[in-house]
Each structure stands twice: as structure tokens, then as C-alpha cells.
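Just so you know, all these numbers are worked out from the coordinates, no wet-lab data involved. Fair warning: this is a prediction, and the values are worked out from it, not measured in the lab. Cβ sites come from the backbone with ideal geometry, for glycine too, and all protein chains shown count toward neighbours.
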Amino acid sequence: FGKSSGSPTELGLYIDAQTAYDYLIYRQKILPENIIVLGTSLGASVAIQLVSDPLNHVKLAIFENAFISVPEIAKYFLTYAKSVIGITKSIGFIYLFDSLTKVRRIECPCMYLTGLLDPIIPPWMSNTLYNETRSSSKRQLYEFPFGKHNDLPIMKDYFENIQTFINELSLKKI
């Protein structure tokens, strides 16, 4: 760790996630119904990519403070910057992390967790992704009124909400 050569890329992160999934399935012989995928922020986009592939089956996917895409995040911040300092230049993007398109293909159960005080990812983005995850066999959105960007696991009821959702899935045949 930390001594890798090269630079991280969007595709590289997707390949890493797929490699980890394949390792669990093919090398460790873990059944898909025993795998829970969790991603936070940028990691949520990587998790969304992984579970949107119809060949990748999991018990549950959890997305914390997920965003729609890199251009949408930039637009959100640039709108503020334009009003404050007058930035008007258009920007091209190398990386997209287009979660909005991908969530429409997700069929596994999904849980969206969002902090309503997140200063980086506006909560409406997780809400939008949740609403577009229509093919999911079961989905849930939980909003933490005092949650910020990186502190959801210390919020009251964080683990209890996840456990309740898992218990509901265990009672229902997936």
C-alpha cells in the first residue's frame, strides 16, 4: 500500500473492485448471497458500477453519501463559485463516475445512507439515485439529520438500520 506505481483512474478503480469481487467468488468460494458491498462517496460510485453488472450478484449494496456524477458535483460547486467569484469557464472531465445511468440497472437490494449536513455531496443526489434505482428487488433510503460526509458510522442508529435491513432481507428469499 502506498508504493504502487502509476496513477489511479476511474477504470482502474472499477477493475480493482471487480478483481476483489472475483477473488471472493472464485478463490475464496464465498457465495454471492453472503456478500455485502459498501461504498462511501467516490467508493459508492465504484460500488454502483460493480453491482450494476448483471453478472455480479450480492446480498446487499450500501451506498453512503453517493453522488450522481463528477460533472454534477462540479456543477454544484461551480454554481456556488460563479455566484461568489464569477467563475464562468466551462470544464471538460476525464472521469465521470456516472452513477445515475448505472443505478437504473441495479437489481440487488440497495440501501442509501446520506448525511443531511454533508458539505461535499448534497443529500438530494443520494435521493435522486435512490429514486432511479427502480429495478432493485428492495431498496431503502435513510437520512441522518446530523450526518456529514465522513461520520455516518458514528451516527445514532447507523448500524441498527443496516442490521434491520439485512434482517428483513434474510426473512425474504432473494
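Just to be sure I understand the model, the point goes 7 Å from the Cα along the line to the Cβ. What's the resulting Lys29 to Lys138 distance in nm?
2.8
Non-local amide H neighbours of Arg139 (under 5 Å, H modeled in plane, Pro and chain starts lacking H): which ones?
Sorted by chain and number, the residues that satisfy this are Cys110.
If you take Cα Rg over 2.2 N^0.38 Å from the coordinates, which of [x] 1.09; [y] 1.17; [z] 0.94 do you get?
Read-out from the structure maps to [x].
Once you sort the root eigenvalues of the Cα gyration tensor of region 98-174 as a ≥ b ≥ c, which label holds: rounded (a/c under 1.5), prolate (a/b larger than b/c) or oblate (the other case)? Don't skip to the answer; put the middle values down first.
On the way: a/c = 2.96, a/b = 1.18, b/c = 2.52.
Verdict is oblate for region 98-174.
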